[in-house]
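Worksheet: one structure, shown below.
The values are calculated or read from the model by the stated rules, or taken from the named source; none is laboratory data. Bear in mind that the values here come from a model prediction, so they are computed numbers and not experimental data. Note that we place each Cβ from the backbone using ideal geometry, even for glycine, and neighbour counts take in every protein chain shown.
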2 protein chains.
Amino acid sequence: MILAKVYIQPKTTVKDPQGNTIKSGLQDLGFTDVEKVNMGKYLEIKLNTQNKKLASEQIKKMCDQMLTNPLIEDYNFVIEKI
Amino acid sequence: MILAKVYIQPKTTVKDPQGNTIKSGLQDLGFTDVEKVNMGKYLEIKLNTQNKKLASEQIKKMCDQMLTNPLIEDYNFVIEKI
């Protein structure tokens, strides 16, 4: 079995309203050290295969076809055997 | 400056409808190796401090007070100097 950990984030050139709202909320709670917040997605995908190379290719395709919006999001992932 | 990477995930005992929907979607696209998908959140928080210990305490408080719902979510984070 393969576990892929996928991190998806808004591109740095794109406004991140969720992140900004969280930043304001944290500052209102007294966390005045907060400089910037980026809000992204974190997916764990279990794949029924042993082949890390194949899994890596599949995860890349999944990200490009469905999991991310390439216009506004960047992604990266790590693959590990479990 | 400190960068905290915060990973928030539904507890394993809690249903994850988003994850299940993504799993079905991926399988419909032909990724039949997909066994399980967990959908979580990924936050990057920049803190205006140099003190890693203090930053770590602050991030823990932020997670407990605002960023996560302790009834249904687990979190972990890493702290690094940037």
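Couple of notes before you dig in:
- Test: A:L3 is under 29 Å from B:N20 (Cα atoms), outside any helix (DSSP H, G or I) and not β-branched (V, I, T): yes
- Some residue of the range B:64-71 being at pLDDT 95 or above, facing chain A (nearest Cβ under 9 Å) and more than 19 Å from A:L43 (Cα to Cα): no
- Comparison of A:L43, A:L47 shows that the only residue that is under 16 Å from the mean Cα position of the chain (by Cα), under 22 Å from B:G19 (Cβ atoms), modelled with pLDDT of 95 or more and not β-branched (V, I, T) is A:L43.
- Beta carbons closer than 7 Å, at least 6 apart along the sequence or on distinct chains, pair a first residue in the range B:3-18 that is among the aromatic types (F, W, Y) with a second that is assigned to a strand (DSSP E or B) for B:Y7/A:Y42; B:Y7/B:G40; B:Y7/B:Y42; B:Y7/B:Y75; B:Y7/B:N76; B:Y7/B:F77.
- The residues of the range B:6-26 that are surrounded by 14 or more Cβ atoms within 10 Å (Cβ to Cβ) and either polar (S, T, N, Q) or assigned to a strand (DSSP E or B) (or both), listed by number, are B:V6, B:Y7, B:I8, B:Q9, B:P10, B:Q18, B:N20.
- Where B:V78 falls short, out of the listed (1) more than 10 Å from every other protein chain (Cβ to nearest Cβ); (2) of a type in the set (A, V, I, L, M, F, W, C); (3) more than 22 Å from A:D74 (Cβ to Cβ): (3)
- Single residue of B:V78, B:V6, B:V34 found to be modelled with pLDDT of 95 or more, in contact with a Leu (Cβ under 6 Å, 6 or more places away or on another chain) and farther than 27 Å from A:T49 by Cβ: B:V6
- Selection of the range B:31-61 for residues being touching a residue at least 40 places away in the same chain (Cβ under 8 Å) and either within 7 Å of chain A (Cβ to nearest Cβ) or touching a Ser or Thr at 6+ places or on another chain (Cβ under 6 Å) (or both) yields B:E44, B:I45, B:K46, B:L47, B:N48, B:T49, B:A55.
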